1. When you scan the stretch 83-103, how many residues do you find that are open to solvent by 70 Å² or more (accessible area, probe 1.4 Å), within 17 Å of Glu195 (Cα to Cα) and not acidic (Asp, Glu)?
2. Taking the options Gly154, Gly145, Gly164, Gly158, name whichever one is in contact (Cβ under 8 Å) with a residue 60 or more places away in the chain and surrounded by fewer than 17 Cβ atoms within 10 Å (Cβ to Cβ).
3. Failed condition for Glu14, given (1) among the charged types (D, E, K, R); (2) modelled with pLDDT of 95 or more; (3) surrounded by fewer than 21 Cβ atoms within 10 Å (Cβ to Cβ); (4) over 22 Å from Gly211 (Cα atoms), with all others met?
4. Would you mention how many residues in the stretch 193-236 are among the hydroxyl-bearing types (Ser, Thr, Tyr) and modelled with pLDDT of 90 or more?
5. What number of residues within the stretch 100-127 satisfy the criterion of being outside any helix (DSSP H, G or I) and not aliphatic (A, V, I, L, M)?
6. Are any of the residues in the stretch 104-113 more than 26 Å from Gln33 (Cβ to Cβ), among the aliphatic types (A, V, I, L, M) and open to solvent by 50 Å² or more (accessible area, probe 1.4 Å)?
7. Hey, does the stretch 129-137 have a residue that's crowded, with 22+ Cβ neighbours inside 10 Å, of a type in the set (Val, Ile, Thr), touching a residue at least 60 places away in the same chain (Cβ under 8 Å) and touching a Ser or Thr at 6+ places or on another chain (Cβ under 9 Å)?
8. What is the number of the single condition among (1) touching a strand residue (DSSP E or B) at 6+ places or on another chain (Cβ under 8 Å); (2) assigned to a loop (DSSP other than H, G, I, E, B); (3) more than 22 Å from Tyr182 (Cα to Cα) that Pro68 does not meet?
Amino acid sequence: MGARTLTIGPVSIEESELSASERREALKKVFAQAQVCVRCQELAATRKTVVFGAGNADAELMFVGEAPGASEDEQGLPFVGQAGKLLEKLLEEIGMTRAEVFICNVLKCRPPANRDPLPAEIVNCQDYLLRQVELIQPTVICTLGNFSTKLLRGEQTGITRLHGQPEVLTLGRRAVRLYPIYHPAAALYTPSMLETLREDFTRLPELLALGAPEQSQALEVPEAVETEPESSAENSEELGSEVDQLGLF
């Protein structure tokens with residue numbers, strides 16, 4: 001597929017290029033904003049933690065899933081259940097580790113009873129994801145399942161038709177190689193899908209070896225996410241240890 005440009009959500013004037021350390025600091029600020037977000041009132045009322053994402057803040061490979069589950073909500077980290085263990089196993093099979101990649105979800109809060117994300121919730125949360133893409137600057141974004149694939153591609157073609165088919169896509173100002181594959185949870189429910197998932201995974205080293213697509217300097221960037229003003233000094237003091245756990249350094 002050819003390159004496409006997609007701008008989602010609000011944008012701001014073009015920023016100057018940031019160093020790696022500046023991007024980390026900016027990412028920590030977005031993390032802090034997400035921790036006190038109450039845009040989705042139901043999710044804010046029922047969540048235990050905001051699951052921002054975890055991994056290498058300079059990762060070449062980024063995975064985007066659907067939403068946190070019960071284990072993720074408890075621990076504050078994405079993909080820590082059975083689907084996460086399968087993801088780690090598939091990474092090992094291609095010579096990679098979880099520590100090398102960044103993993104996050106479309107939604108940063110667990111939907112009650114693990115229901116599907118609602119359209120309004122996806123809209124409310126998408127700016128956090130776009131800022132993660134902008135600041136981590138991955139070469140390849142691997143969308144896991146329908147929700148992340150449809151959001152980042154900007155149209156409704158499902159994962160069954162798209163899995164294993166990479167394309168160059170521009171999100172905001174960042175051109176990436178988007179690579180849709182099935183969510184690991186699908187292979188847990190349907191064991192016959194495991195080989196399809198494994199086969200799609202084997203193409204990831206090849207995609208990473210291609211390097212980042214050509215970047216256009218004229219594209220706009222997502223603006224920093226606006227949040228509610230009621231974050232306290234106590235919350236700010238607690239952020240240090242939480243950021244350490246997210247591996248943002």
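1. Adding up the residues that qualify gives 2.
2. Exactly one of Gly154, Gly145, Gly164, Gly158 is in contact (Cβ under 8 Å) with a residue 60 or more places away in the chain and surrounded by fewer than 17 Cβ atoms within 10 Å (Cβ to Cβ), namely Gly154.
3. In the conditions (1) among the charged types (D, E, K, R); (2) modelled with pLDDT of 95 or more; (3) surrounded by fewer than 21 Cβ atoms within 10 Å (Cβ to Cβ); (4) over 22 Å from Gly211 (Cα atoms), Glu14 misses (2) alone.
4. Within the stretch 193-236, residues that are among the hydroxyl-bearing types (Ser, Thr, Tyr) and modelled with pLDDT of 90 or more number 2.
5. Of all residues in the stretch 100-127, those outside any helix (DSSP H, G or I) come to 101-111, 115-118.
Imposing the further condition that a residue be not aliphatic (A, V, I, L, M) reduces the set to 102, 104-105, 108-111, 115-117.
Total meeting the criteria: 10.
6. Yes.
7. Scanning the stretch 129-137, I find no residue that is crowded, with 22+ Cβ neighbours inside 10 Å, of a type in the set (Val, Ile, Thr), touching a residue at least 60 places away in the same chain (Cβ under 8 Å) and touching a Ser or Thr at 6+ places or on another chain (Cβ under 9 Å), so the answer is no.
8. The one condition Pro68 does not meet is (3).
The values are calculated or read from the model by the stated rules, or taken from the named source; none is laboratory data. In this text, all values refer to a predicted model and were calculated from it rather than measured experimentally. A quick note on method: Cβ atoms are made from the backbone with ideal geometry, for glycine too, and the neighbour counts reach across all protein chains shown. Surface accessibility is based on the protein's heavy atoms, side chains included, excluding ligands, DNA and RNA. Shrake-Rupley method; radii C 1.70, N 1.55, O 1.52, S 1.80 Å.
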